[in-house]
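Read the structure below first, then the notes.
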Amino acid sequence: MKILVTGFDPFDQEEINPSYEVVKGLPDQINGHEILKVEIPTAFKKSAEVIEQVIRRLRPDVVLCIGQASGRAAISLEKVAINLAEARIADNEGHQPCDEPLREDGPAAYFSNLPIKRMVEEIRRTDIPAEISYTAGTYVCNSLMYHVLYLADRRFPGLKGGFIHVPDLPHNGKSNKLTPSMSLEDMVSGISVAIESIDFPESCANFGTII
Ligand code: PCA
């Protein structure tokens, strides 16, 4: 399979974005899958345009997007993307949407069509912390995941798509001693294991949350 793996450029005045550092650290082949790597701008409009162009040009079988989630302590496999743009800070093009739909003609939400529970189990087997997340937020990461799944639904039938948030790197940007972090090495191993298990059957383990 051809697997397109994306990371984001730095945002919020930070110097690096761990997500693209991870992407750069991946090998070019994993389990016989060809790994294609692309950096995506942290901007609502531009990221949607770029991902569509790249999918059109490279015709991947799977699109796996990676993003930074400062404050999270584990590699988070996202279940759902919602049709909402709501930003606490402006994106890299200066846009700060308030309560806007991402696509007027799209459904309220899309679910990832990757076997994310199985991928979490496989990552945990290597002693790297991993979890299912039921919110990718309302910023550019959620937007990119939504657009990938919208494109799979409307324009590229059979395309598989998903999103993984990674923690901060140690001592990155605005992080401090209280911010959870993970080494680049562990993030690269964890994402590699996730990719190795991308065509495994889904697990029926229970990851549900009770509020
Ligand atoms: N994280 C942001 C956008 C880019 C990134 O790496 C987010 O979680 O929306």
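Summary of values
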| read-out | value |
| --- | --- |
| Euclidean distance between Cα centres, the stretch 37-82 to the stretch 91-108, Å | 15 Å |
| Long-range Cα-Cα pairs in the stretch 130-170 (distance over 10 Å), rounded percent | 74 percent |
| Global geometry of the stretch 149-211, whether rounded, prolate or oblate, following the gyration tensor of its Cα atoms and the 1.5 cut on a/c | prolate |
| Translational D in µm²/s for the stretch 1-72 (Stokes-Einstein at 25 °C, 0.890 mPa s, Kirkwood Rh from C-alpha pairs) | 193 µm²/s |
| Fluctuation leader among 12, 61, 105 - the chain, Gaussian network, Cα springs under 10 angstrom | 105 |
| Nitroxide proxy distance, nm - points 7 Å out along Cα→Cβ at residue 1 and residue 111 | 1.7 nm |
| Trypsin sites (Lys or Arg not before Pro), loop per DSSP, at most 16 other Cβ atoms within 10 Å - longest free stretch of the chain | 1-87 |
| Of 152, 85, 109, the one that fluctuates the most in a GNM where the chain has Cα springs shorter than 10 Å | 109 |
| Potential extension, residue 29-residue 126 segment - 0.36 nm per residue separation minus Cα distance | 32.9 nm |
| Sulfur and carbon atoms: percent of accessible area, the stretch 64-107 [1.4 Å] | 47 percent |
| Total charge dipole magnitude, the stretch 2-196, about the Cα centre, Cβ charges on Lys, Arg, Asp, Glu only, Debye to nearest 20 | 440 debye |
| When each of 24/174; 24/117; 24/46; 37/177; 2/79; 24/79 is checked by Cα-Cα distance, pairs over 27 Å | 37/177 |
| Residues in the stretch 22-46 that a label on residue 96 would reach, taking backbone N under 18 Å of a point 7 Å out along Cα→Cβ | 42-45 |
| For q = 0.07, 0.09 Å⁻¹, Debye-computed log10 I/I(0) when each Cα of the chain counts as one equal scatterer | -0.18, -0.31 |
| Cα-based shape type of the stretch 58-127, given that a ≥ b ≥ c are square roots of the gyration tensor eigenvalues and the cut on a/c is 1.5 | prolate |
| The stretch 2-196: relative contact order as a whole-number percent, Cα under 8 Å and 6+ apart | 30 percent |
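The values are calculated or read from the model by the stated rules, or taken from the named source; none is laboratory data. Values in this document were obtained by computation on a predicted structure and should not be read as measured data. Here Cβ is always computed from backbone atoms with ideal geometry, including for glycine, and neighbour counts include all displayed protein chains. All accessible areas refer to the heavy atoms of the entire protein, side chains included, with ligands and DNA or RNA removed. Shrake-Rupley method; radii C 1.70, N 1.55, O 1.52, S 1.80 Å.
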